[in-house]
Amino acid sequence: MVTGGTGFIGSYFVRDMVERGHEVIAYDAAPNERALGEAAGEVEIVKGDVLDLALLLGTMKRQGTDCLVHLAYLLILDSDQNPTRAIKVNCEGTNNVFDAALLAGVGRVVWASSVSVYGKASYYGGRAVNEDDPPKPFNVYGACKVLNEFMGHYYYEKKGLDNIGLRFTVAYGPGRIRGGTAFASAMIENPALGKPVRVPNGDSLVNWHYVKDIAKAIRLACEAKSPRYRVYNVGGDTRTVREAADYIRSLLPDARIELEPGDWGWQMRFDFTRAKEDLGYEPSYSMERGIREHINVVRKSAGLPEV
């Protein structure tokens, strides 16, 4: 069962699970069947909110859920604009998922944390961080993730709920249209369609985490036999926005990309050793491979030749 199962990351994970022969429930407050493509007919779609504990529990019990993947969440901009709503959905909603999974006897919960828990790079002096480094979020979204991580540990230690939080980096790929890192999609898709694009903070360092690698990380966390930790950093290729723009121009010489000066200052250097050792996770997509695939998906859908 996947909460947020027809969202950006959820839809990729659900399609992957269907292709592997799993029975999947996509639980979503605003289901988008089109995001599931051909897999939609093979997935049970339940319209439901994570704040509805009774529906969550009833759905898990009725279907005998083995593993629950929790991706339903208000994103960065929405969380900052409405902190009260963010606390309800992101914090109470995640606790509801933990409670329902515990009561339904679910074997494991894999849920989306974020490298937003780290906040600004200046706090860590420019070095790569691992899971033992103290969090210091600077937005509501990151603060909610810190609380989720605390509760994940609490539910594991005090109540015996097997759960794993995955700290994703900058998620990108076809279908990403919302969130604080949606700039990556605009930067790739506009040039792919011959449109200009202006990108803020063009001097920033970014860890580019292609959505198919994210789906793989989730699957590996679901399958891990004896994980030693409750939280893992997972990511992709660490490169600057300017490097990404240069690569897009190499594929599309007529690309009109304007990079505005500035740096978000996010912490973007990470140690992924734990995920490699415990989950067997290593990214399959370099920045170049991910961007090229993203461009070609967009161009193919528009009837344009691939690059």
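A few comments on the model shown:
- Neighbours of GLY105, meaning other residues whose beta-carbon lies under 14 angstrom from its beta-carbon, give a summed charge of +1 when Lys and Arg score +1 and Asp and Glu score -1.
- Residue among PHE272, PHE150, PHE168 with the largest mean-square fluctuation in a Gaussian network model of the chain, springs linking Cα atoms under 10 Å: PHE150
- Charge tally around PHE270: other residues with Cβ under 11 Å, Lys/Arg +1 each, Asp/Glu -1 each, net +1.
- Alpha-carbon Rg with Dmax, taken over the stretch 67-198, Å: 16.6, 55
- Coarse-grained scattering of the stretch 1-144 at q = 0.16, 0.19 Å⁻¹, given as base-10 log I(q)/I(0) from a Debye sum over alpha-carbon atoms: -0.87, -1.09
- Residue among SER116, LEU166, GLY194 farthest towards the positive dipole end of the chain, charges placed on Cβ: SER116
- Within the same chain, aspartates and glutamates fewer than 8 places from LYS159 are excluded, and of the rest, those with a Cα less than 12 Å from its Cα are ASP99.
- Label separation (GLU157 vs TYR124): 2.2 nm, computed from points 7 Å beyond Cα along the C-beta direction.
- For the stretch 167-307, the spherically averaged projection of the C-alpha convex hull amounts to 8.5 nm².
- Computed Rg/Rh of the stretch 158-220, alpha carbon atoms with Kirkwood Rh: 1.12
- Calculated log₁₀ intensity ratio I(q)/I(0) where the Debye formula runs over C-alpha points of the chain, q = 0.09, 0.10, 0.11 Å⁻¹: -0.43, -0.54, -0.65
- Stretching the chain fully between ARG85 and ARG242 yields a gain of 53.0 nm (0.36 nm per residue, less the alpha carbon separation).
- Based on C-alpha pairs under 8 angstrom that are at least 6 apart in sequence, the chain has a relative contact order of 17 percent.
- Counting Lys and Arg as +1 and Asp and Glu as -1 over every other residue whose Cβ lies under 9 Å from the Cβ of MET287, the net charge comes to -1.
- For the chain, the residue among PHE13, CYS91, VAL129 whose Cα projects farthest onto the positive side of the dipole built from Cβ charges is VAL129.
- Residue with peak Gaussian network fluctuation, the chain [Cα springs, cutoff 10 Å], from ASP254, ASP66, ASP132: ASP132
- Mean projected area (nm²) of the alpha-carbon convex hull when the stretch 1-62 is viewed from all directions: 3.8 nm²
Each reported figure results from applying straightforward, stated rules to the coordinates on display, with no laboratory input. Being a predicted model, the structure only gives us computed values, none of them experimental. Note that we place each Cβ from the backbone using ideal geometry, even for glycine, and neighbour counts take in every protein chain shown.
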